[in-house]
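Some notes on the structure that comes next.
The values are calculated or read from the model by the stated rules, or taken from the named source; none is laboratory data. Please read all numbers here as calculations on a predicted model, not as lab measurements. Virtual Cβ from ideal backbone geometry, glycine too; neighbours counted across all protein chains shown.
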Amino acid sequence: MLAVRTHAAGEPLRVEDVPRPEPSGTEVRVRVAGCGVCHTDLHLARTDRLRISRPVTLGHEIGGTIDAWGDEATGPLRRARLKAGDRILVFGGWGCGACRECAAGEEQRCERGESPGFQRDGGYAEHVLVPHPRHLVGIGPLPADQAPPLADAGVTPYRAVSRAAPWLTPGARVLLMGLGGLGQFAIQYLRRLPALTIAVRELNPDKLALAAELGADLGVLDGDEELAHIGLGGPADVVFDFVGSDATLDYAARNVAPGGLVSLVGEAGGSFRFGFDRLPVEASLSTTAWGSIADLRAVVRLARRGRLAWEVERMPLADAQAAHDRLAAGGVRGRLVLVPPGAQAGS
Ligand SMILES: [Zn+2]
Ligand SMILES: [Zn+2]
């Protein structure tokens, strides 16, 4: 089968013919309908800053259909009311299943966890092997080549916004940095909460127009240093950093309110020196990576009810490097989804 793999940091992606994986035990093989291209994939391909086991097939936003499974998956699939051919999303936080975090339904926090496209082969391929049926979320009638962004771009900001709930009370000021795939979902979750003022900071003026369409109150172009403060009426109660560079973290620290929250989501690999002289008093810092499986189910429910809007642009799987180059250049409005050969549009 066709797979797009990374062998060394900074090398172009390789389009390869690899054996189709055969499921055994509790494993389920998914026929990939589409796999989203995330900014994190660019960082994974270019650097060794994130935890990755090379060579590996990239791709962690996976939509597809249930194709085959090992003997021990039969029972769990039946209990989950899933069968061959059902449309599913793959939940990407594959925990050990035994530790305290996993027992609490927070497998994405598992210290021994692995993820497709990081330590295990991911969805830039015709098929992907999922270790257990519990990582599959049925999506009903949603097209499996439209739904993939929900599996990361949808669920990660859902989690970040949920965890920021104590700060997101009526009248709160919110600054959101970076309107890529995740930021676009974040605005929609924020707009479901009453009486927030939301500013978006971006490098790209086109993205600010999109921010206004999605309901942001104010757009701030990179460089307009004072505008966020002025437009929001003061420092932000919550800063969501969907970029995560040294520069955006520094900006976040300078624009958060005393007692506020800086929520780091973007994995650009930036860091920040923490101390009394660096943040307003009692401000909090937190990271978010993925959400729980329950979060993903909640996002799928919202999508099935038509409460979420997101754009997908399909590209052939073999053009993965071109997709990365386009995303790096900043000209992508929605989410690029790589479609393997033979997958039907809208399937
Ligand atoms: Zn991602
Ligand atoms: Zn675990």
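Based on this model, can you work out whether residue 289 counts as over 22 Å from residue 15 (Cβ atoms) and at pLDDT below 95? Criteria met by residue 289.
Please verify whether segment 248-266 includes one or more residues that are assigned to a loop (DSSP other than H, G, I, E, B) and surrounded by fewer than 23 Cβ atoms within 10 Å (Cβ to Cβ).
Initially, segment 248-266 is screened for residues assigned to a loop (DSSP other than H, G, I, E, B), giving 265-266.
Next, only the ones that are surrounded by fewer than 23 Cβ atoms within 10 Å (Cβ to Cβ) stay: none.
No, that holds for no residue.
Is it true that residue 171 is within 16 Å of ligand 2 (Cβ to nearest atom), at positive phi and not in a helix (DSSP H, G or I)?
On the way: within 16 Å of ligand 2 (Cβ to nearest atom): no; at positive phi: yes; not in a helix (DSSP H, G or I): yes.
The answer is no for residue 171.
Screening residue 302 on (1) surrounded by fewer than 20 Cβ atoms within 10 Å (Cβ to Cβ); (2) over 24 Å from residue 10 (Cβ atoms); (3) of a type outside the set (Gly, Ala, Ser); (4) touching a strand residue (DSSP E or B) at 6+ places or on another chain (Cβ under 7 Å) shows it passes everything except condition (4).
In segment 59-104, of all residues being farther than 22 Å from residue 139 by Cβ and in contact (Cβ under 8 Å) with a residue 24 or more places away in the chain, the one that is farthest from ligand 1 (Cβ to nearest atom) corresponds to 71. Residue 84 meets all of the listed conditions (1) in a loop (DSSP other than H, G, I, E, B); (2) surrounded by fewer than 16 Cβ atoms within 10 Å (Cβ to Cβ); (3) out of contact with any Asp or Glu (no Cβ under 8 Å at 6 or more places or on another chain) but one, namely (3). The sole residue among 187, 139 that is away from ligand 1 (no atom under 16 Å from the Cβ), among the aliphatic types (A, V, I, L, M) and not assigned by TED's automatic domain parsing to the domain that holds residue 50 is 187. Among the residues of segment 46-81, the one identified as surrounded by fewer than 24 Cβ atoms within 10 Å (Cβ to Cβ), among the small types (Gly, Ala, Ser) and in a helix (DSSP H, G or I) is 75. In the condition set (1) within 16 Å of ligand 2 (Cβ to nearest atom); (2) more than 17 Å from the chain's Cα centre (by Cα); (3) buried (at least 18 other Cβ atoms within 10 Å of the Cβ), residue 111 is compliant with all but (3).
Listed here are the residues, each with its yes/no results for (1) assigned to a loop (DSSP other than H, G, I, E, B); (2) surrounded by 18 or more Cβ atoms within 10 Å (Cβ to Cβ); (3) among the acidic types (Asp, Glu).
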site: 176; (1), (2), (3): no, yes, no
site: 182; (1), (2), (3): no, yes, no
site: 213; (1), (2), (3): no, no, yes
site: 220; (1), (2), (3): no, yes, no
site: 228; (1), (2), (3): no, yes, no
site: 234; (1), (2), (3): yes, no, no
